[in-house]
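Scroll down for the structure; my scribbles are underneath it.
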Amino acid sequence: MSEVSQEALAVSAAGALLGGITGRIVGFPVIGTFIGAVSGSVAGARRMYDWKSPRGIGAFVLDHTWALATTTASVVATGVNAATGAHIDESLTTRQNRMTFDKGLVLRSGFAVTFGYVVNGAADRDGTLSERRRKLVTHHEDQHVWQARMFGPIYPVVYAGWFAVGSIVATAKWFATGRKTKLIDEIDATAYYRNPFEWHAYTCDDNWPPHGVDATKVWAKPFRGSLKSPTLPR
């Protein structure tokens, strides 16, 4: 048996155990075990977790306990990506504590999107992974991966709730100001770019205010306390 197969089996078993315990706590032991087993199997086969670092071990534990809900989204996204022929970028996946696909399940053309530990749409529109897109994964999308881990089931609720309320507020403002701008721009500014999770991720990517966005419509300053990194071409 190859080392990859051994890792897949071991991580699947450990994921099933942790997922089962978590599932039992919330009343869904069978589902928790199943999600943990599938997630562990795929992550192990792709050698996703960095087992030599506390960060990698912590990522695995969080993914199969506190963040099991967002890991479920990861499993679904991985299945969709496999069915649609998306490819995994090994350099942005192996021992990186995340799984990165060139295309896959995306919600908007040109935008990468992260479900749990799965990053989709990393490549440019031409299918290549430029230096800028790689930085997008390592500095922006990776923040979402860890946001999901740290906030667990709270993360999707707050993110979706902000987007829903923000969309309503933006639409009301658009009507109140005479519909002089594009509604989609108002919704983007309020529901998406002002979302604290996005504000934080864009700041970590040295991209605040976001490139091409009217700076007067978003938060005036970068997210407080975010770490800066060397600036790369946008």
*asked:* Here are a few candidate values for Rg/Rh (Cα atoms, Kirkwood Rh): [x] 0.97; [y] 1.00; [z] 1.20. Which one was actually calculated from the structure I just gave you?
replied: [y]
*Mind checking the full-extension length gain between Lys103 and Ala160? Use 0.36 nm per residue of separation minus the Cα-Cα distance, one decimal, nm.*
18.3 nm
*Where is the GNM fluctuation largest for the chain (alpha-carbon springs, 10 angstrom cutoff): Lys52, Lys180, Lys103?*
Lys180
*asked:* From the mean inverse distance of alpha carbon pairs (Kirkwood) and the Cα radius of gyration, derive Rg over Rh for the range 74-129.
replied: 0.92
*Compute the distance in nm between two label points, each set 7 Å from the Cα along the Cα-to-Cβ direction, one at Leu183 and one at Ala13.*
5.6 nm
*³J(HN,Hα) computed for each position of the range 62-76 - Karplus, 6.51 cos²θ - 1.76 cosθ + 1.60, integer Hz, glycine/proline x*: 4, 4, 10, 10, 4, 9, 4, 5, 6, 5, 4, 5, 4, 5, 4
*In Å, the Kirkwood hydrodynamic radius of the range 121-234 over pairs of distinct alpha carbons?*
15.2 Å
*Can you work out ³J(HN,Hα) from phi for every residue in the range 158-169, in order, using Karplus 6.51 cos²θ - 1.76 cosθ + 1.60 and θ = phi - 60°, giving whole Hz and x for Gly and Pro?*
5, 4, 5, x, 4, 5, 5, 5, x, 5, 5, 4
_Prolate/oblate/rounded call for the range 92-166, Cα gyration tensor, a/c under 1.5 rounded_ = oblate
*Taking amide H positions as placed in the peptide plane 1.01 Å from N, state which residues far from Met48 in sequence (5 or more) or on other chains have amide H under 5 Å from it.*
Arg95
*asked:* I'd like the Kirkwood hydrodynamic radius of the range 32-93, using the inverse of the mean 1/r over distinct C-alpha pairs, in Å.
replied: 12.2 Å
*Which whole-number percent of Cα pairs in the range 156-217 have a distance greater than 13 Å?*
61 percent
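Bear in mind that the values in this text are calculations on the coordinates, not laboratory data. This is a predicted model, so every value here is computed, not measured. Cβ: placed from backbone, ideal geometry, glycine included. Neighbour counts: every protein chain shown.
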